[in-house]
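So the structure is just underneath, and the comments pick up after that.
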Amino acid sequence: MPNLAQIAQQLVATGKGILAADESTGTIKKRFDTIGLESTETSRRDYREMLFGAKEAMSQYISGVILFDETLRQSASDGTPFVEMLRANNCLPGIKVDMGAKPLPGHEGETVTEGLDGLRDRLAEYRELGATFAKWRGVIAIGEKGPTRASIHANAHALARYAALCQEAGIVPIVEPEVLADGKPGNHTIEVCETVTGETLADVFEQLRIAGVDLSGIILKPNMVIPGINGPTVSVEDVAERTVRTLKATVPATVPGIAFLSGGQTCEQASANLSAMHKIGGLPWALTFSYGRALQAEALAAWGGKAENVAAAQKAFVHRARMNSLASQGLWEADVDRAA
């Protein structure tokens with residue numbers, strides 16, 4: 001049986017990234033609303049089956065898939081469990097285990113992620129169901145008065161406790177501290193994002209150290225250093241330079257890989273920024289992607305909830321997965337992306 005470090009290395013293998021398909025029932029409803037599709041257990045299954053059935057994407061460009069509790073337990077329309085469907089393409093099944101961001105008492109507009117109660121037992125069950133890695137998201141909002149040290153520290157501490165429990169259960173933790181680009185008012189500069197991201201990552205790794213987490217058996221899933229969605233426009237080169245600088249200052253080289261989230265970016269922006277980071281060089285860890293919307297948006301629009309559109313949707317998904325595979329190697333080009 002592979003150890004935690006081996007699983008982590010597999011998740012960040014060259015040219016591969018992680019598909020975040022762990023949308024909660026509420027989030028997937030919002031996605032389906034954009035295509036006029038009712039969110040039911042069957043429609044959610046059909047959508048995930050469409051993605052997981054794109055064999056070229058899943059076998060060549062995707063190393064693992066983060067699943068929601070419902071999806072981990074589901075089977076495809078022919079009765080094949082999704083876990084087996086993923087494994088057939090050498091994809092590792094993962095599971096979202098947090099219970100969402102809740103208001104942080106005494107700190108208006110800030111949150112702390114809950115879900116530690118009972119997590120040890122849930123992880124044992126998820127391991128039995130086939131999960132080899134897990135994900136927990138801590139949310140850091142930049143506002144007029146925040147984030148406060150209390151918000152950063154509360155989320156860093158929760159991430160560390162979660163990670164320690166995962167490793168105890170033989171599951172690789174994906175540690176996801178997200179400094180929001182699309183929070184309110186979302187007009188902060190890239191300089192502010194760089195400062196807050198650095199402070200957040202420094203606290204996260206201090207808490208991981210205190211908790212005794214083995215850094216060779218985790219994956220970091222951070223935000224890129226970008227301005228708020230209503231903030232000033234910046235260049236791809238600026239994003240890449242600031243992100244790499246922040247990571248080098250805070251992330252130990254022991255960490256095998258960093259798989260970015262795509263929050264606040266278009267599909268093409270997420271690919272372009274990731275690719276630009278690889279051109280800087282001197283990276284002690286693998287840099288790849290763990291995208292949700294930036295991998296799925298085009299496929300979802302092409303699918304539209306209709307069986308006759310599955311092939312077109314899978315083609316769109318394969319294209320975006322391939323573009324991010326190229327980006328994770330510093331080989332993405334805009335003209336290649338737009339030519340498809």
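Once segment 291-337 is narrowed to residues that are of a type in the set (Asp, Glu) and in contact with a helix residue (DSSP H, G or I) (Cβ under 6 Å, 6 or more places away or on another chain), the residue that is nearest to Cys267 (Cα to Cα) is Glu298.
Looking at segment 200-231 only, could you name the residues that are among the basic types (Lys, Arg) and surrounded by fewer than 23 Cβ atoms within 10 Å (Cβ to Cβ)? Passing the criteria: only Arg209. For segment 318-333, filtered to residues that are hydrophobic (A, V, I, L, M, F, W, C) and touching a strand residue (DSSP E or B) at 6+ places or on another chain (Cβ under 9 Å), the residue that is nearest to Ser43 (Cα to Cα) is Ala321. Restricting the first member to segment 98-121 and to residues that are more than 21 Å from Leu165 (Cβ to Cβ) and among the charged types (D, E, K, R), and the second to residues that are surrounded by fewer than 13 Cβ atoms within 10 Å (Cβ to Cβ) and modelled with pLDDT of 95 or more, the beta-carbon pairs closer than 9 Å and six or more apart or on different chains are Glu110/Pro103.
If the condition is being polar (S, T, N, Q) and over 17 Å from Leu11 (Cβ atoms), then segment 127-148 contributes only Thr148. Residue pairs whose Cβ atoms lie under 8 Å apart, sitting 6 or more positions apart in sequence or on different chains, and linking a residue in segment 1-30 that is over 16 Å from Ile66 (Cα atoms) to a partner that is among the acidic types (Asp, Glu), are Leu4/Asp214; Ala5/Asp214.
Lys102 passes every criterion in (1) crowded, with 22+ Cβ neighbours inside 10 Å; (2) not in a loop (DSSP other than H, G, I, E, B) apart from (1).
Considering only residues that are of a type in the set (Ser, Thr, Tyr) and part of a helix (DSSP H, G or I), look in segment 118-172 and name the one that is farthest from the chain's Cα centre (by Cα).
Step one: of segment 118-172, the residues of a type in the set (Ser, Thr, Tyr) are 126, 132, 148, 151, 162.
This time we only want the ones that are part of a helix (DSSP H, G or I), so: 126, 151, 162.
Working: Tyr126: 19, Ser151: 21, Tyr162: 16 Å.
Restricting to residues being of a type in the set (Ser, Thr, Tyr) and part of a helix (DSSP H, G or I), the top hit is Ser151.
Taking the criterion of being more than 21 Å from the chain's Cα centre (by Cα), of a type outside the set (Ser, Thr, Tyr) and within 28 Å of Lys16 (Cα to Cα), would at least one residue in segment 85-96 satisfy it?
Residues of segment 85-96 more than 21 Å from the chain's Cα centre (by Cα): 88.
Filter once more, so that each one left must be of a type outside the set (Ser, Thr, Tyr): 88.
Going one step further and asking which of them are within 28 Å of Lys16 (Cα to Cα), we end up with 88.
For segment 85-96, residues more than 21 Å from the chain's Cα centre (by Cα), of a type outside the set (Ser, Thr, Tyr) and within 28 Å of Lys16 (Cα to Cα): present.
Tell me, which residue of segment 307-322 that is aliphatic (A, V, I, L, M) and touching a Phe, Trp or Tyr at 6+ places or on another chain (Cβ under 7 Å) is surrounded by the fewest Cβ atoms within 10 Å (Cβ to Cβ)?
The initial filter retains those residues of segment 307-322 that are aliphatic (A, V, I, L, M), namely 307, 310-313, 316, 318, 321.
In the following step, the residues that additionally are touching a Phe, Trp or Tyr at 6+ places or on another chain (Cβ under 7 Å) were identified as 310, 313, 321.
Values: Val310: 17, Ala313: 24, Ala321: 26.
So the residue we want is Val310.
For segment 165-207, give me the residue count where each residue is of a type in the set (Phe, Trp, Tyr) and at pLDDT below 95. Lay out the reasoning, then the answer.
Within segment 165-207, the subset of a type in the set (Phe, Trp, Tyr) is 205.
Still in the list and also at pLDDT below 95: none.
Selection size over segment 165-207: 0.
Is one or more of the residues making up segment 146-158 modelled with pLDDT of 95 or more and either in contact with a Cys (Cβ under 8 Å, 6 or more places away or on another chain) or among the hydroxyl-bearing types (Ser, Thr, Tyr) (or both)? Yes: one or more hits.
Restricting attention to segment 280-306 and to residues that are under 17 Å from the mean Cα position of the chain (by Cα) and crowded, with 22+ Cβ neighbours inside 10 Å, the residue that is nearest to Ile174 (Cα to Cα) turns out to be Ser290.
The values are calculated or read from the model by the stated rules, or taken from the named source; none is laboratory data. Nothing here was measured: the structure is a model prediction, and the numbers come from that model. Note: ideal-geometry Cβ built from the backbone for every residue, glycine included; neighbour counts use all protein chains shown.
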